[in-house]
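Asker: Sending over a structure as structure tokens; questions will come in a sec.
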There are 2 protein chains.
Amino acid sequence: MKKSTYSLLISLCFSIIYAQENVDFSGEKKIISPEVHSNNTVTFRFKAPNAKKVFLEGDFLFQQGLSEGKTEMKKNEKGIWTFTTSTLQPELYSYKFTADGLAINDPNNVHFSRDVATVVNIFIVPSGKAELYKVNDVPHGTVSKRWYDSPTLKMNRRLTVYTPPGYEKSKENYPVLYLLHGAGGDEEAWITLGRTAQILDNLIAQGKAKPMLVVMPNGNASQSAAPGESKEGFYTPEFIQPDMFSGNTEKAFGDVIQFIESEYRVKKEKSSRAIAGLSMGGFHTIIISANYPKTFDYMGVFSAALFQPKEAESEMYLNIEKKLKAQKENNYKLYWKAIGKTDFLYKEATDFRNLLNSMNFKYTYKESEGGHTWSNWRDYLSEFAPLLFR
Amino acid sequence: MKKSTYSLLISLCFSIIYAQENVDFSGEKKIISPEVHSNNTVTFRFKAPNAKKVFLEGDFLFQQGLSEGKTEMKKNEKGIWTFTTSTLQPELYSYKFTADGLAINDPNNVHFSRDVATVVNIFIVPSGKAELYKVNDVPHGTVSKRWYDSPTLKMNRRLTVYTPPGYEKSKENYPVLYLLHGAGGDEEAWITLGRTAQILDNLIAQGKAKPMLVVMPNGNASQSAAPGESKEGFYTPEFIQPDMFSGNTEKAFGDVIQFIESEYRVKKEKSSRAIAGLSMGGFHTIIISANYPKTFDYMGVFSAALFQPKEAESEMYLNIEKKLKAQKENNYKLYWKAIGKTDFLYKEATDFRNLLNSMNFKYTYKESEGGHTWSNWRDYLSEFAPLLFR
């Protein structure tokens, strides 16, 4: 195309930019933040010429010897505050800025996740385990948000389904991993913070995990969908759900399995069903798999424990030792438990292991560094998924 | 469950809260912002005790007589800045705060959208047309992110597919609307900013639109997927793509249709295909439908014009009048054009109408208030979708 035409088109583009809502296009040189350098150091930049003090807060600062996960940034002559880390371990990290006491997301980073009621910017330091969290040039599965009927809860509810690459064209039946979120989470948690689609795409491409569906339901029995995704509207999510220990999520779990097995091309045997969850979802995993001992051959209990209400409201929580005994006698292929050494549930998780030991209930145990964090939960999923359906 | 057990569980929940990453749980009374009152006034609250001046910026402030879309907030004794609007028209709105010159998203509102490279908080003022943007208690379609091969572009690419409620269980074949984004957008734009799933769910439930698939591809030919969703990683999106007027998006559009018609249960006749787009996507709609005059019976050109490069790089842009003539002679059911009175493309859009008039090329024309905005594009979709496949 001739230069004159090209100039016209470009000038039209600039008009579009100026006319667009919400868009800040000052013509200034772009600020790049965060900038992940090739040696895995990272530079953060934030323009705030009038601020007196700007801090960077991020989970990665602990490994820099900054015990509060916080460091002061330095202002240059253009009013841009900067901080460069030393080399960081491969990981998906989150951060925010604080300017004169105000928490601020990085305006130059459009990548973020919602963690319960907090929105944080994210970035990936590549290589090592973080290669699993990246979108790589491999075949990609499909991620769908679907609605299903739960007759038990008398509700139409939303869940997230990952189908593996090739699912749509194949005639094969696939195994299913049911993957459960923690308190304050919902059907969005594993797919965003947990990087489930990326981890599965990459593990499957490497031949390390079998192609499988991953079903991520909403584990809050009174909620039909994530905030903003149901008729409840744009509310702010809470950690504590009114019916958190009502047993209703566990009781209604058959509706999820029923929906998936009637709507997807999946295998319907115990040997092709796995269930795993983090924190509250790990508790749900214990309860559900013990109450339905003929349903799952693979259990994953991440950073969780068994709470044994002595007089429970729900039959789901009654006679749990007896139910675990039945689960043991029914046999299973893998009961996988993992927890971080500094997890606040470490003692309760140890109590549960002691109970299992006393019953001679076989399980595989992994103790990692760290605590009750998404970093650990992504690790656990990356390690657990390859063990399934062998 | 007994009180003692309940207390134990609640105290464990609180431990979870404190142990959770990224979560600010100070025990303070929650700040509710924005608060949409029953009379459709809205209160914004923002805690910044040390700030000297805090402004609220939002598209809804224009209708309050604030010509810059900006207003100063007032601080109370607790350091919380507040502003209450008068009654607002039903709409999905966006806003941000500015504290002493720093732009800040509302930390108490987890609901936001990305508009090209800017992240903005959103809220809905209900009733009227905005009822279409809400998730109501109606049957919901499925939204999927899928990857397809484009042999023309030699790329694996991502698109968004909305399938209507009942699609999975029905044996019916459905018609398809291909819905195209503007400059700087991608396969996420229509489903987030455009509220496509909500608008279609609601129109279908009201019997106003036929059940249809809506396919939202990525119209940037050099891009395989939205920022963060491809091997290019977490980059910042730009308005101007290097090959914006290369004709490649238009040329490769057959790959999208081919994929949808081989993978979904859809009708494959001209009378069951519609194509529409906003701004750059409206331009794409004109070019694609004119180059493939036997493909679509329904065209929607939203806030767009025809640029006629005299010596174009791509055969897609050559002899466009001749192609429009062929499109006219081939017949079609609807050519629907809409633009806002203050749109910066108004003159160019009028030139295009004049060209169509001179050719006696039939079209339906809607002139709305406002400019080049998502508010108009949601309106246009809400009006256009009911006209399809009749």
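Asker: Run the Debye formula on the Cα coordinates of region B:223-279, all scatterers equal and no solvent, and tell me log10 I(q)/I(0) at q = 0.18, 0.19, 0.25 1/Å.
Answerer: For region B:223-279 at q = 0.18, 0.19, 0.25 Å⁻¹, log10 I(q)/I(0) is -0.88, -0.94, -1.13.
Asker: Now for a different question. Quick check: from the Cα gyration tensor, does region B:265-389 come out rounded (a/c under 1.5), prolate or oblate?
Answerer: On the way: a/c = 1.65, a/b = 1.09, b/c = 1.52.
Here region B:265-389 falls in the oblate category.
Asker: Roughly how tilted is helix A:3-19, in degrees to the nearest 10 and between 0 and 90, from the longest Cα axis of chain A?
Answerer: 60
Asker: Which parts of region A:243-262 would a label at residue A:232 reach, counting a residue when its backbone N lies under 19 Å from a point 7 Å out along Cα-to-Cβ?
Answerer: A:243-253, A:256
Asker: For a quick protection proxy, order the peptides B:379-389, A:230-240 by their average other-Cβ count within 10 Å, most packed first.
Answerer: Details: B:379-389: 20.9, A:230-240: 16.3.
Ranking the peptides B:379-389, A:230-240 by packing returns B:379-389, A:230-240.
Asker: A follow-up question, please. Positive end of the dipole of region A:142-387, charges at C-beta (+1 Lys, Arg; -1 Asp, Glu), about the Cα centre: which of A:241, A:303, A:288 has its Cα farthest in that direction?
Answerer: Of the listed residues, the answer is A:288.
Asker: If we count every other residue with Cβ under 13 angstrom of residue A:246's Cβ, Lys/Arg +1 and Asp/Glu -1, where does the sum land? Please report the intermediate quantities before stating the final value.
Answerer: Details: positive: A:251; negative: A:243, A:250, A:313, A:315.
With Lys, Arg at +1 and Asp, Glu at -1, the net is -3.
Asker: As a test of the formula, what do you get for chain A when each DSSP H run with n ≥ 4 contributes -39,500 (n - 2.57) and the sum is divided by the residue count, at 222 nm and rounded to the nearest 500 deg cm²/dmol? Intermediate results must be reported in sequence, preceding the final value.
Answerer: Working: 9 runs with 94 residues, N = 390.
Calculated from helices alone, the mean residue ellipticity at 222 nm is -7000 deg cm²/dmol.
Asker: Which FRET efficiency value, to the nearest 0.05, do you get for residue B:29 and residue A:261 by plugging their Cβ-Cβ distance into 1/(1 + (r/R0)^6) with R0 = 45 Å?
Answerer: For R0 = 45 Å, the calculated efficiency reads 0.45.
Asker: For a label point 7 Å from the Cα of residue A:66 along Cα→C-beta, name the residues of region A:91-112 whose backbone N is under 16 Å from it.
Answerer: A:93-106
Asker: I've got another one for you. Once R0 is set to 41 Å, what does the formula 1/(1 + (r/R0)^6) return for the Cβ-Cβ distance between residue B:53 and residue B:222, expressed as a FRET efficiency to the nearest 0.05?
Answerer: Values: r = 43 Å, r/R0 = 1.04.
For R0 = 41 Å, the calculated efficiency reads 0.45.
Asker: Based on alpha-carbon positions alone, could you give the equivalent ellipsoid semi-axes of region B:23-128 from the gyration tensor, as √(5λ), descending, whole Å?
Answerer: 21, 16, 15
Asker: Could you tell me the center-to-center distance, by alpha carbons, between region B:67-88 and region B:265-321 in angstrom?
Answerer: 45
Asker: While we're on this one: Compute the Rg to Rh ratio over the protein assembly as shown from the alpha carbon atoms, using the Kirkwood formula for Rh, and round to two decimal places. Don't skip to the answer; put the middle values down first.
Answerer: Values: Rg = 26.9 Å, Rh = 27.8 Å.
Rg/Rh: 0.97.
Asker: Just how far, in whole angstrom, is region A:116-136 from region A:137-182 if you go by their alpha carbon centroids?
Answerer: 22
Asker: Next up: When only C-alpha pairs under 8 Å and at least 6 residues apart count, what is the relative contact order of chain B, in percent?
Answerer: Numbers: 739 pairs, mean separation 43.8, N = 390.
About 11 percent, as a whole number.
Asker: Compare B:146, A:390 by solvent-accessible area with a 1.4 Å probe and give them largest first, with all protein chains kept in place. Working shown, then result.
Answerer: On the way: B:146 15, A:390 145 Å².
Descending order: A:390, B:146.
Asker: Okay, next question. Could you report the accessible area of residue B:355 in Å², rounded to 10, computed with a 1.4 Å probe on the protein chains as they sit in the structure?
Answerer: So the heavy atoms of residue B:355 present about 30 Å² to solvent.
Asker: Sticking with this one: Roughly how many debye, to the nearest 20, is the charge dipole of chain A about its Cα centre, given +1 on each Lys and Arg Cβ, -1 on each Asp and Glu Cβ, and no other charges?
Answerer: Working: 48 positive and 44 negative charges, 191 e Å.
Value, rounded to 20: 920 debye.
Asker: Before we go on, tell me the buried accessible area for the B/A pair, both chains summed, 1.4 Å probe, in Å² to the nearest 100. Before the final figure, lay out each step's value.
Answerer: On the way: alone 19480 and 19450 Å², together 31400 Å².
Separately minus together, B and A give about 7500 Å² buried.
Asker: Same structure again: Obtain the nm distance between the two label points defined at residue B:173 and residue B:208 by a simple spin-label model: each point lies 7 Å from its Cα along the Cα-to-C-beta direction.
Answerer: 3.0
Asker: In region A:176-212, which residues give up 30 Å² or more of accessible area once the other protein chains are added, compared with their chain alone (1.4 Å probe)?
Answerer: none
Asker: Under a point spin-label approximation (7 Å from Cα along Cα-to-Cβ), what is the residue A:76-residue A:322 distance to one decimal in nm?
Answerer: Roughly 7.1 nm, to one decimal.
Asker: If the limit is 31 Å between Cα atoms, which of B:267/B:341; B:294/B:347; A:96/A:134; A:231/B:341; A:169/B:268; A:210/A:231 go over it? Before the final figure, lay out each step's value.
Answerer: Numbers: B:267/B:341 37 Å; B:294/B:347 29 Å; A:96/A:134 21 Å; A:231/B:341 34 Å; A:169/B:268 19 Å; A:210/A:231 37 Å.
Listed pairs above 31 Å: B:267/B:341; A:231/B:341; A:210/A:231.
Asker: Where only protein heavy atoms count, and the probe is 1.4 Å, what is the accessible area per residue for region B:142-387 in Å²? Intermediate values should be presented prior to the final figure.
Answerer: On the way: 8730 Å² over 246 residues.
Normalised by residue count, the accessible surface of region B:142-387 is 35 Å².
Asker: Moving on. With a 1.4 Å probe and all protein chains in place, put A:91, A:263 in order of accessible area, largest first.
Answerer: Result of the area sort, largest leading: A:263, A:91.
Asker: May I ask for the equivalent-ellipsoid semi-axes of region A:142-387, computed as the square root of five times each C-alpha gyration tensor eigenvalue and listed largest first in whole Å?
Answerer: 25, 22, 19
Asker: Can I ask one more? With every protein chain in place, what's the accessible area of residue A:53 (1.4 Å probe, Å², nearest 10)?
Answerer: 90
Asker: Rounded, prolate or oblate for region B:110-182? Axes are the square roots of the Cα gyration tensor eigenvalues, ordered a ≥ b ≥ c, and the cut-off for rounded is a/c under 1.5. Provide the component values of the computation, followed by the final result.
Answerer: Values: a/c = 2.57, a/b = 1.20, b/c = 2.14.
Oblate shape, in that a/c is at least 1.5 and b/c is the bigger or equal ratio.
Asker: Moving to a separate point now. Give the average, rounded to an integer, of partner chain Cβ atoms located within 10 angstrom of each Cβ in B:106-119.
Answerer: Numbers: counts 1, 8, 2, 4, 13, 8, 5, 1, 4, 5, 7, 9, 8, 10.
Taking all residues of B:106-119 together, the mean is 6.
Asker: Can you check what the net charge comes to around residue A:211, using other residues whose Cβ is under 14 Å from the Cβ of residue A:211 (Lys, Arg +1; Asp, Glu -1)?
Answerer: Details: positive: A:169, A:171, A:208, A:210, A:265, A:267, A:390; negative: A:168, A:172, A:201.
Net charge in that neighbourhood comes out at +4.
Asker: Another question, if that's okay. Pop the C-beta distance of residue A:129 and residue B:308 into the FRET formula with R0 = 60 Å and round what comes out to the nearest 0.05. Walk me through the intermediate numbers first.
Answerer: Details: r = 53 Å, r/R0 = 0.88.
Working from the Cβ atoms, E equals 0.70.
Asker: Out of the total accessible area of the protein assembly as shown (probe 1.4 Å, heavy atoms of protein only), what percent is carbon and sulfur?
Answerer: 50
Asker: At what distance in nm do the modelled label points of residue A:347 and residue A:365 sit from each other, each positioned 7 Å from its Cα along Cα→Cβ?
Answerer: So the label points at residue A:347 and residue A:365 sit 1.7 nm apart.
Asker: Also: Across peptide B:47-57, how many C-beta atoms of other chains are within 10 Å of each residue C-beta, on average?
Answerer: Numbers: counts 2, 3, 2, 4, 4, 1, 0, 1, 0, 0, 1.
Mean number of neighbouring Cβ atoms from other chains: 2.
The values are calculated or read from the model by the stated rules, or taken from the named source; none is laboratory data. The structure displayed is predicted, hence computed values, not measured ones. Cβ coordinates were reconstructed from backbone atoms using ideal geometry, including for glycine residues, and neighbour counts include every protein chain displayed. When the accessible area is computed, the model is the full protein with side chains, heavy atoms only, and any ligands, DNA or RNA have been set aside. Shrake-Rupley method; radii C 1.70, N 1.55, O 1.52, S 1.80 Å.
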